[in-house]
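J.: Just dropping this structure here.
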Amino acid sequence: MRRYQQKRLKYALFSGVIAFAAGWAISIILIPETPFAGEPRWKSTLWIYLGAHGIPLSDVHLGGTGFRSEQPVKLVESPSIFRYIPLAVVACAGAYTTAQISTRSIKNTTTNALAAGSAYFLTALVAVVVTNMQPSISLLLIIGGGIAGAVWLGSSFLRAFTHGIPFFGVTSLGTLLGLGFLLIVGGVALLTLLWKLLAISYGGAAIAGILIGTERSLRSDGKRRNSDWPRLSSVKHHLRENWVEIVVTAGVVGMLYLGLTNAV
């Protein structure tokens, strides 16, 4: 199991980082000119690519006071396909990670793909901090990273020092309440600004994992039936077994769509 996790981590980190870099490179090609004349090109193009994930740019970089934000993608002329680049590269990262690990379980393929989504998400967070796109986000991420690092180092030290003996630390109620309040407020602020990045990173990876897992499951099921067309045979079997549920679900989804879009 440990070897399996190490293999997943290896491919997920590689694919997540490469996918982010590939998306950035594609955005540079599609948008050769940026409106940020006083900024280095690597930083301004990263702002635009991160903006495609719904992350706003603090107006402190635009001569403002830092209390407002602008969407960098709206400041440039970008093709309509630009907004789909992040989702596409994340899906590719998830598909690559899943393809490198042999498993027929949809749950496992989705988990493997989500690991690549996590690597992509963390890479984007590093880019946000490095470019200082949103000073408030950068500060919260640095504080959160510092707390997480301190907890990890402290727990590692205590585990090594006590040789696994249970240890109970004591701290003041004020410290606990202060840290809890900071984490709650910071978490809400981060979620408000980064929810689209979360949706793209994990949504795109999950789609790839589910599709690959479904394909492998159908192929394996069809092969057990000794069919020359295993996937098609498996699909036909599931349609015959579950046609009532499929028809009812399609009807409900259709009615919801018509009602929400006022098409009737």
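J.: Quick one: is Tyr4 among the hydroxyl-bearing types (Ser, Thr, Tyr) and surrounded by fewer than 17 Cβ atoms within 10 Å (Cβ to Cβ)?
T.: yes
J.: OK, next. Out of all the residues in region 47-61, is one or more of a type in the set (Gly, Ala, Ser), more than 23 Å from Leu190 (Cβ to Cβ) and either out of contact with any Cys (no Cβ under 9 Å at 6 or more places or on another chain) or surrounded by 17 or more Cβ atoms within 10 Å (Cβ to Cβ) (or both)? Give the steps one after another, and end with the answer.
T.: Of all residues in region 47-61, those of a type in the set (Gly, Ala, Ser) come to 51-52, 54, 58.
Imposing the further condition that a residue be more than 23 Å from Leu190 (Cβ to Cβ) reduces the set to none.
No, every residue in region 47-61 fails to be of a type in the set (Gly, Ala, Ser), more than 23 Å from Leu190 (Cβ to Cβ) and either out of contact with any Cys (no Cβ under 9 Å at 6 or more places or on another chain) or surrounded by 17 or more Cβ atoms within 10 Å (Cβ to Cβ) (or both).
J.: Out of (1) in contact with a Lys or Arg (Cβ under 6 Å, 6 or more places away or on another chain); (2) not in a loop (DSSP other than H, G, I, E, B), what's the single condition that is false for His53?
T.: Condition (2) is where His53 drops out.
J.: Among the residues of region 78-89, are any in a loop (DSSP other than H, G, I, E, B), assigned by TED's automatic domain parsing to the domain that holds Ala206 and at pLDDT 90 or above?
T.: no
J.: When Pro40 is evaluated against the numbered criteria (1) closer than 12 Å to Gln134 by Cβ; (2) surrounded by fewer than 18 Cβ atoms within 10 Å (Cβ to Cβ), which criterion, by number, is the only one it fails?
T.: Unmet condition: (1).
J.: Then there is this: Taking Thr103 as the residue in question, decide whether it is modelled with pLDDT of 90 or more and not aromatic (Phe, Trp, Tyr).
T.: Here the answer is no, as Thr103 does not meet what is asked.
J.: From the list Ala95, Ala99, Ala124, Ala119, exactly one residue is closer than 21 Å to Ser217 by Cα and buried (at least 20 other Cβ atoms within 10 Å of the Cβ). Which is it?
T.: Sole residue among the options that is closer than 21 Å to Ser217 by Cα and buried (at least 20 other Cβ atoms within 10 Å of the Cβ): Ala95.
J.: I've got another one for you. Hey, does region 17-33 have a residue that's charged (D, E, K, R), in the same structural domain as Leu87 (by TED's automatic domain parsing) and free of Cβ contacts under 8 Å to residues at least 40 places away in the same chain?
T.: no
J.: Return the residue satisfying two criteria in turn: it lies in region 71-92 and is closer than 13 Å to Gly54 by Cα and within 18 Å of the chain's Cα centre (by Cα), and of such residues it is surrounded by the most Cβ atoms within 10 Å (Cβ to Cβ). Even if it seems obvious, please write down each step before you answer.
T.: Taking region 71-92 first, the residues closer than 13 Å to Gly54 by Cα are 71-74, 82-87.
Okay, now just the ones that are also within 18 Å of the chain's Cα centre (by Cα), so 82-87.
Working: Phe82: 19, Arg83: 15, Tyr84: 13, Ile85: 21, Pro86: 27, Leu87: 19.
The qualifying residue surrounded by the most Cβ atoms within 10 Å (Cβ to Cβ) is Pro86.
J.: So is Val235 modelled with pLDDT of 85 or more and not assigned by TED's automatic domain parsing to the domain that holds Gly16 or not? Let's see the steps before the verdict.
T.: Values: modelled with pLDDT of 85 or more: no; not assigned by TED's automatic domain parsing to the domain that holds Gly16: yes.
Considered against the rule, which asks whether it is modelled with pLDDT of 85 or more and not assigned by TED's automatic domain parsing to the domain that holds Gly16, Val235 comes out as no.
The values are calculated or read from the model by the stated rules, or taken from the named source; none is laboratory data. This is a predicted model, so every value here is computed, not measured. Backbone-built Cβ (ideal geometry, glycine too); neighbour counts: all protein chains shown.
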